[in-house]
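For reference, the structure is listed below as structure tokens.
Nothing in this text is a laboratory measurement; each read-out follows from the coordinates by a stated rule. Remember, predicted model here, so these are calculated numbers, not experimental data. Cβ coordinates were reconstructed from backbone atoms using ideal geometry, including for glycine residues, and neighbour counts include every protein chain displayed.
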Amino acid sequence: MNGGLRGAAWLLAAWCATTPAFAQDSERSRYYIQQMIELAATNDEAGVTAMQRMLEQEPRPAPRDPGAARAALQRGQAALRTDDLNAALTAFQQASRDDPGNADAVNHLGLVERKLGRLPDAERDLQRALALEPSRASAWFQLAQVYGLSQDGRRARGALANTYRFAQNPMRAEEILRNIAESEASDTLRTAAVETLRLYRLPVEVVIVPPLPANPGIVPLRTAPASGQRP
Amino acid sequence: MTSRLALLALLVLLAGPLPADAGQYETLDYHIQQMIAQSAVNDEAGVQTFREQLDNLPRPEAGDAAQAQPLFQQGLDSLNRNQPKEALSALRQAFIADPTDAETAGQLGLTYLRLGRLKEAERLLVYTLALAPARSASWLHLGQVYGQGGDATRAAGAFANAYRFAQDRPRLAGQLRQLAATDPVDTVRAGAAQALRPGQSTPASQAPPAVKATPAADPPAPAAPTAASPSARTADPAANAPPTGGALLDSLRRGLSNLAKPANTSVPNADLRPMSTAVGDNAGQQIYQNSIPRTCLIVTFRNGKTDSLGSGLLVSADGLVVTNHHVIENADNLAVKCGERESVARVGKRSKEPDLALLTTTLNRVDGFVLNGTYSQELIGLDVFVIGNPYGLEGTFSTGVISGLREIDGVRYLQISAPISPGNSGGPVILRDGSVIGIATMGLKKGQNLNFAIATAELIRSGLFDPSRMKTSAARGKSP
């Protein structure tokens, strides 16, 4: 089956599965995002793309006061640069209220919530940001950290896989993943990064090494094993 | 609704998984490989064509150079002080901050090369050269990567590009001559020599006599295990010859003759010596003498050739040997040598979690180790002794203490400070009373002497073999 047919199959499958189940747009969007995570964790490119297309067809919330939202966004970014997380939180909340369709504002809100350890809020708002812009790698990365901190390894891996998938510079994303895989204190996130790198067949040197690698120092022998010795 | 679900199931089934498609890196790599291939045949025009194509590819988005600069400097300083691990940390951060700086990417690639992480080094150097195709130093390093990976042809092509793009060609020729003469890896020497030959872009007159040192086609040096690099394997025509027959044990014996052996492993009648027999006053010496006949070297064979080796321990009088699952998981055939006795082996049982396997052998006249099923905080601080075959160094004996108890993914481990290396896997971790308290399994690459052994308690609990065939004890660290 080619990619087009596969994608169409996924779109139809998603429609079949979701149409009767959800009453609200946000619920449906969250479903698609969770599907993107699940499918990314198994490297199902066509499935991820199909869900991304579904998300992109969802209606966007109308802005209430775009000018005020932009100003609040700038205030939040300035506060974030000085590490004033509470001020940043207030500003980004304001920005996302004034323009709920502004992915940048909602993404920053999720970021600050994650930094403040408000993980359920962060998960909700990062999913909102991804519903507005499913290919936003930085939101996937933040979401992966939320799942990592919540000890949800599978979803952390799926979110990291999407981080890499949507990264503008894959080599940079690869190094970020290697950095997490080799230096991150959280077992869940570190393992998720290792698994993501392996998912994409990218090299990684894990910190704890089960198993130890095969001995490279042995000299090859030139005779065949005796027949009938297979275990 | 039922029909809708059926349709859904069918569609999901049809959709199936797809691998991720070729990405940006593959595109960059294609061009770099073409430049290497054209360079290897000294096709100047071809090299320039692909260089121009690289120049026309879209550039990555610029990063934060101001943030990257101090990190880069810090990494460079560490690299100059020969501290590649510290350099890796700083240069990686610099690269993440600004992935468009070829200098940073190139130094990161070099750091990976210094750390022996050839795959990462290759990727970073290819990326660097895509950013700056005329960066001679990165071509030189990429040549070393390919050479160390056993690919003399690509090494030669990359070295030739290093020379082609060098601003100071005499200096680069000197570097190539040095590589051709002194690099410890055959294929690096061969690649550099090839790049220096007449007909390459490097001037023939500069080809040094030192190239004669060791051509890649020479047979690999025997004896020391470090001499058997992957490149040596490919260079050895007999290594890839079709099987000529012969017994597995003969293979084992010949293989063992090539490994570094301890100066004196033969203890007279050691096979029949009871565990408690004292050999000397030194506890370590006694433990070594009593344990070496029960400690095994495990050689695995795959596709008719020796694949890897590990360690194991005799656990019963009828020849059962325990090792790690990962030691034998890819083996077609197995041979073991416990003390001075050798046998073929079959896998009796295996388990990935915990990482254990039970082998059956014909070594049935030696008492096995006493297994110690204790797993409690009281173990922490006790002396332990490890015997194994790290890097083929048969019967290596090391000591340490139990540093902690760790449970990883539901498996109980002992953290030990005794040094272990590849080849120790599956070997015994022994208390002062001669009982086995753990099976050496893995280590933390960072830090020092942070190693882990599966607790013997886990082996006993695993049901890998009949408890009635074990000799168990709960003694804790008393002198024999």
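Among the aspartates and glutamates, which have Cα under 13 Å from the Cα of B:Lys471 when same-chain residues fewer than 8 positions away are ignored?
B:Asp318, B:Asp367
What aspartates and glutamates does B:Lys352 reach when the alpha-carbon gap must be under 14 Å and sequence neighbours fewer than 8 apart in one chain are set aside?
B:Glu329, B:Asp409, B:Glu458
Once fully extended, how much extra length lies between B:Ser376 and B:Ala66, figured as 0.36 nm per residue of separation less the alpha-carbon to alpha-carbon distance?
So the extension gain works out to 106.3 nm.
Give the separation of the Cα centroids, the stretch B:432-456 to the stretch B:107-164, in Å.
Answer, in whole Å: 37.
Step through the table entries B:Lys85/B:Lys305; B:Lys119/B:Lys337; B:Lys305/B:Lys349; A:Lys115/B:Lys119, compare each Cα-Cα distance with 27 Å, and write down the pairs that go over it.
B:Lys85/B:Lys305; B:Lys119/B:Lys337; A:Lys115/B:Lys119
Label 7 Å along Cα→Cβ of B:Gln33; the stretch B:118-137 residues with amide nitrogen under 18 Å?
B:118-131
Hand me the trypsin sites (Lys or Arg not before Pro) from the stretch A:55-164 located in a DSSP loop with no more than 12 other Cβ atoms within 10 Å, in residue order please.
Of the trypsin sites (Lys or Arg not before Pro), the ones in loops of the stretch A:55-164 whose Cβ has at most 12 other Cβ atoms within 10 Å are A:Arg64.
Counting partner chain Cβ atoms within 10 Å of every residue's Cβ in B:324-330, what's the average?
3
Once the other residues with Cβ under 13 Å from the Cβ of B:Ala68 are scored (Lys, Arg +1; Asp, Glu -1), what is the net sum?
-3
Packing-wise, with mean Cβ within 10 Å as the measure, how do B:28-35, A:101-108 rank, highest first?
Working: B:28-35: 20.2, A:101-108: 24.0.
The peptides rank, most packed first, as A:101-108, B:28-35.
Report the FRET efficiency, 1/(1 + (r/R0)^6), for B:Gln83 and A:Ala62, where r is their Cβ-Cβ distance and R0 is 41 Å, rounded to 0.05. Before the final figure, lay out each step's value.
Numbers: r = 56 Å, r/R0 = 1.37.
Once rounded, the FRET efficiency stands at 0.15.
Report the charge-dipole magnitude of the stretch B:90-149 in Debye, nearest 20, computed about the Cα centre from +1 at each Lys and Arg Cβ and -1 at each Asp and Glu Cβ. Intermediate results must be reported in sequence, preceding the final value.
Details: 6 positive and 5 negative charges, 42 e Å.
Charge dipole of the stretch B:90-149: 200 debye, to the nearest 20.
Enter the Cα centre distance for the pair the stretch A:96-152 and the stretch B:319-383, rounded to the nearest angstrom.
50 Å
Determine the sum of side-chain charges near B:Lys352: Lys and Arg each +1, Asp and Glu each -1, restricted to other residues whose C-beta is under 15 angstrom from that of B:Lys352.
Net of charged neighbours comes to -3.
What does the average come to when, for each residue of peptide B:304-310, you count the partner chain Cβ atoms lying within 10 Å of its Cβ?
Partner-chain Cβ atoms within 10 Å, mean over residues of B:304-310: 6.
Among A:Thr188, A:Leu149, A:Met171, flag the residue with its Cα farthest along the positive direction of the charge dipole of the stretch A:135-206, charges on Cβ as +1 for Lys/Arg and -1 for Asp/Glu.
A:Met171
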